[in-house]
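Peer 1: Got a structure here, written out as structure tokens. Questions coming.
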Amino acid sequence: MDLLLFVRTHLSFLKSWPDWIVYVLVVFVFAFAILNTLVAPLTGISTYIERRLAGRVQYRWGPNRVGFRSLLASLPITRWMARLADKQPFKFLGSKIPGGLLQFAADGLKLFMKEDIVPTGADKMMFKLSPYIVLAGSFAAFAVFPVSHGCSATNLNIGIFYVIAISSLVVPGILMAGWGSANKWSLFGGMRSAAQIVSYEIPVGIALLTTVMLAGTMNMNEIVTAQRSGYGIESAGALGWFAFRYGGLMLIPFLIYFIGGCAEVNRTPFDLPEAESELVSGYHTEYSGFRWSFFFMAEYSNMFAVGAIATTMFLGGPLPPYPVQWTEALFAGMNPNLALILRFTEGFAWFFAKSYFFVLVMIHMRWTLPRYRVDQLMGLCYKVLIPIALTWFVIMCGVKMFRMETTLPRATAAVEAHR
Amino acid sequence: MMPVASLEWFLMIAAFLFACGIYTILTRKNAVSVLMGVELVLNSANINLVAFARFVKPAASLGPQSVPIPMESGAAAVIYGAPWASGHVFAAFVIILAAAEAAVALGIILGIYRSMGGVDVDEVSALKG
Amino acid sequence: MRFDYVGVLVFLALAVGFVFIGMTAQRIVSRLVRSNKPGAAKLSPYECGEEPVGGTFIRFNIRFYVLALVFIVFDVEIVLLFPWARVFQELYPFYRSVIFWDMVVFVGILALGLAYIWGKGDLEWNRAFRRHLSPAEKVPRPAPRKESP
Amino acid sequence: MILTLAAAGSSWADPAFWVFLAFAAMTVGSAVLVAATRNIVYSAYALLLTFFGVAGLYVFLDADFIAAAQVLVYIGGILVLILFGVMLTNRIHDIHLSNETTHPVTGAIIAGAVFLVLAYVALRTDWELDPRPAVPTSQEIGKAFMGKYLLAFEAASVLLLAALIGAAYLARRGEKE
């Protein structure tokens, strides 16, 4: 669905406006929606889920207190509302909202109210600039994710290559934070973090390259389209997803991508940059309050981005596990506007569910696995993942070539047509 | 769709970057800074290459006609790509070269630092021989 | 095509604006509510409550450079392989297996480089550390404990 | 000079032109910073802005693949390598690392002369203009790699191999001392 065309046809009052204004408006709304659903609040909800999961893993309660009432009671201005909530007609509000769910809101409020500390000796400009670069680098990747059927903020022709490129903006930002803090642990954490992110970019890049080779395109929407059919079946459902193509051979690049992606977001078992026992908290040791929360947001949005890329490149993106052609046929008979909404919702739901599944896996891994040693980490990247990824890339090219060879009569006809 | 700015704009920006790079290379004492100047110069060359690929008519020798395999021009365009792609290929090679150069140059700089305890290019030239 | 990149610009601008507005709002709101009492101890570099020892100077391991070096070479390789992957299927009918072997040669030469530095031990993180220890400093292997009967 | 440029077919009413101007100003301004700032880390981060601005200029030249490659290799690779170089070759007593200059006047004269010559050539040459269509580029680049520039493509991997082996050798030698 071309965004501009869609808006033009459905919102008639925009017809007289210049193209670029409409486009900027539409993309702005889209980006704003992503920022306010997939990045900022999702970070909060993910922290709640993470802490509850950690509680279960460690046999204790996670956050289970802060609900609606205690949030109100914490602010002087709204304290009367909390008192009101204790009274009978509103009492159900306190019990309906699960305890701890609003912990993230309270934390956010706390971060917002905290003193903003810039340590003495810090390079003030760089200390303050680095959250901009880190958040911009991790948020800009969301511009090309197909969040629903054929629907992404911009339909870039180089899609996945753009994602890899713009994510690398994070690395100088992290070094900037480490440098600007004037703290040796920050600097060391920044160096480690940068070395780890750039190292794991290679297996990730090669694994994604394998998918690009199979799809023959870098455009993320077209890659999703290429996963609608597979094994010679027109409506293949989950069988068409690249992870399950070629008799499971593609599972290896998928796994390599996921391991590399986990390492790129610097979380346990790859959390050496912020190994608490060695470096206090990595490159953002000196950051506090609201400024720190941007790094936190960048971390969680990066986790979601890793899940979203894995989903799009290997698990069909917004495609459901049943053949999407079924629902397409179902919606075809409906009112076009209703069909549009249903179709968008279906795609978004599957995209979100699949992407968030990976976030949950990463959270679970953090509380289950011990940390790697630094030499093991680099050994895993350079001695295991890169050789396997390269070999598998060549093998998959060979398999693809074999497949094309078997369908050669068509290909020869294409050559003859050009002669 | 025509480009927003004319060729001269890009050439002027590239010329300015080139001059900045030359100034950095000439005046800096720190070897890493000199390396930054070299990167500026390479970038300016790259802007020129891509700008020419966008605006200027490709030379006949760059086109698919120069490919020795006999083939109709339509088929050649399908297989060998458009002639303007040469500019982009050159730009890609400059990027590759810059990466290789940065890697080797930093290796040399680190070696100098370890054997001489500094990265001042003036001192290094004074110690040669 | 250039139109598509307006979206990228909007995303970048929104991220920057988000941080900017957040920090500004925090500054305005917090001036009314929060405390602001900077002190020497509060503003000193955080080292888990200890007095900061020495400057920020750390002697970095040269491994970082070697890793960045290997990274940049393979990064460039990925950049070159993306256009190849893009046209592999399209050009296969014309070149047949030649286009496959082109890629194999390209990847093979770089794999040779990886094998070389692997064999030379440049990928070992703590090799330098072991060698720098003089024999006297080397931790002796604990003698096998006598089994008491 | 600016007036000549403006007369050469640019439209001040076009908002895209203003975005272009912003990118051009960012590139040029940060390039001046790289050359002029006293702090080497500031130089490196000014270089980040330059690289990003140049990537933006590539987008204005409809070279999407080269723009992304610029961001990936220059910002994600070369800049990180340079930053590592800065941090490995300076004794970090103070975050304000000085970055000395010698002979700034001579350098400025030479750089100015170079700029004037290049500008003269750029403005006085009668370019044989033939703007290409603004089509996606990655496919055409791939075809050129596999066609006319196949040998260069393979030679690039040999170059990278040489860089890898050479730089690793240098690092290893530095380590022994």
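Peer 1: Does any residue of region A:82-104 turn out to be modelled with pLDDT of 75 or more and exposed (fewer than 12 other Cβ atoms within 10 Å of the Cβ)?
Peer 2: There is no residue in region A:82-104 that is modelled with pLDDT of 75 or more and exposed (fewer than 12 other Cβ atoms within 10 Å of the Cβ).
Peer 1: Regarding D:Leu150, is this residue modelled with pLDDT under 90, under 29 Å from A:Ala165 (Cβ atoms) and aliphatic (A, V, I, L, M)?
Peer 2: In short, yes.
Peer 1: Another question, if that's okay. Please count how many residues of region D:10-62 are farther than 21 Å from D:Gly76 by Cβ and in contact with a strand residue (DSSP E or B) (Cβ under 9 Å, 6 or more places away or on another chain).
Peer 2: The number of residues fulfilling the criteria is 4.
Peer 1: Right, here's the next one. What residue, among those in region D:69-96 that are surrounded by fewer than 24 Cβ atoms within 10 Å (Cβ to Cβ) and more than 10 Å from chain A (Cβ to nearest Cβ), is modelled with the lowest pLDDT?
Peer 2: Within region D:69-96, the match that is modelled with the lowest pLDDT is D:His93.
Peer 1: What residue, among those in region D:136-156 that are within 8 Å of chain B (Cβ to nearest Cβ) and outside any helix (DSSP H, G or I), is nearest to B:Leu97 (Cα to Cα)?
Peer 2: Initial filter on region D:136-156 (within 8 Å of chain B (Cβ to nearest Cβ)): D:137, D:139-145, D:147-149, D:152, D:156.
Within this subset, residues satisfying the condition of being outside any helix (DSSP H, G or I) are D:137, D:147-149.
Numbers: D:Thr137: 21, D:Gly147: 21, D:Lys148: 19, D:Tyr149: 15 Å.
Among those residues, the one meeting the criterion is D:Tyr149.
Peer 1: While we're looking at this one, here's another question. Only one of these is over 19 Å from A:Ser168 (Cβ atoms) and either at the interface with another protein chain (Cβ under 7 Å from one of its Cβ atoms) or not aromatic (Phe, Trp, Tyr) (or both): D:Leu21, D:Leu48. Name it. Write out each step before concluding.
Peer 2: Working: D:Leu48 fails: over 19 Å from A:Ser168 (Cβ atoms).
Unique residue meeting the criteria: D:Leu21.
Peer 1: Quick one: how many residues across region D:122-135 are surrounded by 15 or more Cβ atoms within 10 Å (Cβ to Cβ) and assigned to a helix (DSSP H, G or I)?
Peer 2: Qualifying residue count for the region: 2.
Peer 1: Ok, one more. Only residues that are β-branched (Val, Ile, Thr) and surrounded by fewer than 16 Cβ atoms within 10 Å (Cβ to Cβ): list them for region A:335-360, please.
Peer 2: Here is the first cut: in region A:335-360, the ones β-branched (Val, Ile, Thr) are A:341, A:345, A:359.
Correct list: A:Ile341, A:Thr345.
Peer 1: From the residues in region B:17-38 that are within 7 Å of another protein chain (Cβ to nearest Cβ) and surrounded by fewer than 22 Cβ atoms within 10 Å (Cβ to Cβ), which one is farthest from the chain's Cα centre (by Cα)?
Peer 2: The initial filter retains those residues of region B:17-38 that are within 7 Å of another protein chain (Cβ to nearest Cβ), namely B:17-20, B:22-24, B:26-30, B:32-33, B:35-36.
Now restrict to residues that are surrounded by fewer than 22 Cβ atoms within 10 Å (Cβ to Cβ): B:26, B:29.
Numbers: B:Leu26: 19, B:Lys29: 23 Å.
Looking at the filtered set, the residue picked out is B:Lys29.
Peer 1: Separate question: Tell me which of these D:Ala119 doesn't satisfy, since it passes every other one: (1) free of Cβ contacts under 8 Å to residues at least 60 places away in the same chain; (2) surrounded by fewer than 22 Cβ atoms within 10 Å (Cβ to Cβ).
Peer 2: Just one mismatch for D:Ala119, condition (1).
The values are calculated or read from the model by the stated rules, or taken from the named source; none is laboratory data. The shown structure was predicted, so the numbers you read here are calculated from the model rather than taken from an experiment. Reconstructed Cβ throughout: ideal geometry from the backbone, glycine too, with neighbour counts over all protein chains shown.
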